[in-house]
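Since the structure comes first, as structure tokens, the remarks are kept for the end.
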Amino acid sequence: MTQEELEKAYEKAVNDAAKQLSYRDLSKSILFEKLVSKGHSEDAAEYAIAYLEQRNLLDDNRYAETLLRSYTRKGYGTRRINQELKKRGISSEYCQEICEEYQTDFSILHSLLDKKLKGDISDRKEIQKAVAFLQRRGFSWSEIKQALDSYSKEYQENEF
């Protein structure tokens, strides 16, 4: 491959990478996979990623923080968020770091409990279903227990 052909291949990879990022943010690893699957060489894909990183157009940390905020708003817990970040190509180390900074929003847990229980804390099966639902959303047992205690207390206060 001549120098001119190589430069054209790199330029095409950069253009394709920029096009992919214009649709939505991606992690470096997912962008790399997309470029290679579209027929770009690994060298060209690496060049495109480095080029975009230098210009601050591609940043895994920023992408992870955006995903964290998004999944938090949707009512997901740390475990599920960590799983989603890893699935999207964020390094395990950064997933752990960003999830350590995550603070559970108990108002979200409370509203999820209210949606499932509708104020009725007398049915043990419904409580078990709500707990399983929250666990699937990535909340730890201690977070769920704390939210349930708070929810039960509030419900009992409203009874009187």
query = Cα-Cα pairs above 18 Å in the chain: how many percent?
reply = 66 percent
query = Along the stretch 122-132, what does the Karplus equation 6.51 cos²θ - 1.76 cosθ + 1.60 (θ = phi - 60°) give for ³J(HN,Hα), rounded to whole Hz, x for Gly and Pro?
reply = 8, 8, 4, 5, 5, 5, 4, 5, 5, 4, 4
request  = Rounded to the nearest Å, what's the spacing between the alpha carbon centres of the stretch 122-159 and the stretch 1-52? Just the number, please.
outcome  = 47 Å
request  = Compute the label zone of Glu101 within the stretch 49-68: residues whose backbone N is under 13 Å from the point 7 Å along Cα-to-Cβ.
outcome  = 60-68
note = Residue-ordered couplings for the stretch 98-109, obtained by feeding phi - 60° into the Karplus form 6.51 cos²θ - 1.76 cosθ + 1.60 and rounding to whole Hz (Gly and Pro as x), are 5, 6, 5, 7, 5, 10, 5, 8, 5, 5, 5, 4
inquiry  = Between helix 78-87 and the chain, what is the angle of the helix's C-alpha long axis to the longest principal axis, kept within 0 to 90° and rounded to the nearest 10?
reply    = 20 degrees
query = What lysines sit close enough to Lys38 to cross-link, taking a C-alpha to C-alpha distance under 18 Å and skipping anything fewer than 8 places away on the same chain?
reply = Lys8, Lys12, Lys19, Lys28
request  = Express in nm, to one decimal, how much length is gained between Lys129 and Lys34 on full extension, taking 0.36 nm for each residue of separation and deducting their alpha carbon distance.
outcome  = 30.3 nm
message = Once R0 is set to 45 Å, what does the formula 1/(1 + (r/R0)^6) return for the Cβ-Cβ distance between Asp43 and Gln156, expressed as a FRET efficiency to the nearest 0.05?
response = 0.10
task = Mind pulling the angle between the C-alpha long axis of helix 3-23 and the longest principal axis of the chain? Nearest 10 degrees, somewhere in 0 to 90.
result = 20 degrees
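Readers should treat all values here as calculations from the given coordinates under stated rules, not as data from a laboratory. The model shown is predicted, which means the values in this text are computed figures rather than measured ones. When we count neighbours, we look across all protein chains shown, and the Cβ atoms used for this are built from the backbone with ideal geometry, even at glycine.
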